[in-house]
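Heads up: the structure comes next, in structure tokens.
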């Protein structure tokens, strides 16, 4: 796993920097898609059900965001489709980094819980507010590794994010060692026998 070099302000270069409104919505959806596919443990079925509900409730807003975002890439000309596909691959790989998965899944659980009741018109603002919370488990891990290596860079005050304060984080745990005490359920626990099927979002293959 390659840890990117910290920038001078203490932040880290990630695929989620300098995004348009449409891109922010699409990156939020991508992060939650990874959570629905990768998160295991007691909150797994809750996350899958909540993600499916989000896709249904925000179908038009997500389609608009994807179309606008693709158009932004297309306006760059050339082999824009290849560049877009490469960017999406990097984005999914970013959110799939296993050392941060426990904290990421806990964050995704909370974001999905908070997405209930968000209107399609309010989705861009919601995405701008909550995408940093989905990214933070990974940059926290980068920072922890840098501090362990003795090369940590202290973030400047404007870059500090506190929305994820208190989240359980341990880079030494196995990627799927999620415990009930670390979860914030968004509903009553789903009986283990219940089968929930993850909806396939065709846009991820475009």
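Quick note: the coordinates plus some simple rules give every number you see, no bench work behind them. A quick note: this is a predicted structure, and the numbers were derived from the prediction, not measured. When we count neighbours, we look across all protein chains shown, and the Cβ atoms used for this are built from the backbone with ideal geometry, even at glycine.
Per the Debye formula with a single identical scatterer at each Cα and no solvent contribution, what log10 I(q)/I(0) holds for segment 1-49 at q = 0.13, 0.15, 0.31 Å⁻¹?
Each listed q maps to, in turn, -0.48, -0.61, -1.03.
From the Cα gyration tensor of segment 51-149, with a ≥ b ≥ c the square roots of its eigenvalues, which class applies: rounded if a/c is under 1.5, or else prolate if a/b is larger than b/c, or else oblate? Let's see the in-between values first.
Values: a/c = 2.42, a/b = 1.17, b/c = 2.06.
In terms of gyration-tensor shape, oblate.
Compute the distance from the alpha-carbon center of segment 118-144 to that of segment 27-101, in whole Å.
About 13 Å separates the Cα centre of segment 118-144 from the one of segment 27-101.
What distance in nm lies between label points placed 7 Å from Cα along the C-beta direction at residue 89 and residue 113?
With each label point 7 Å from Cα toward Cβ, the separation is 3.7 nm.
So if R0 is 22 Å, what FRET efficiency would residue 67 and residue 128 give, r being the distance between their Cβ atoms, rounded to the nearest 0.05? Before the final figure, lay out each step's value.
Values: r = 19 Å, r/R0 = 0.85.
The computed FRET efficiency comes out at 0.70.
With a 10 Å radius around each residue's Cβ, average the other Cβ atoms per peptide and rank 54-62, 86-94, 33-41, 102-110, highest first.
Working: 54-62: 16.9, 86-94: 14.8, 33-41: 20.4, 102-110: 24.4.
Sorting 54-62, 86-94, 33-41, 102-110 by mean packing, highest first, produces 102-110, 33-41, 54-62, 86-94.
How would you order 15-27, 114-126 from highest to lowest mean count of nearby Cβ atoms within 10 Å? Walk me through the intermediate numbers first.
Working: 15-27: 18.4, 114-126: 14.8.
Ranked by mean Cβ neighbours within 10 Å, highest first: 15-27, 114-126.
Take every Cα pair under 8 Å in segment 19-147 that's 6+ residues apart, average their separations, divide by the length, and report that relative contact order as a whole percent. Don't skip to the answer; put the middle values down first.
Values: 104 pairs, mean separation 52.4, N = 129.
Normalised by residue count, the contact order of segment 19-147 is 41 percent.
Regarding segment 1-113, what whole-number volume in Å³ per residue does the convex hull of its Cα atoms give? Provide the component values of the computation, followed by the final result.
On the way: hull volume 14.0 nm³, N = 113.
Once divided by residue count, the hull of segment 1-113 is 124 Å³.
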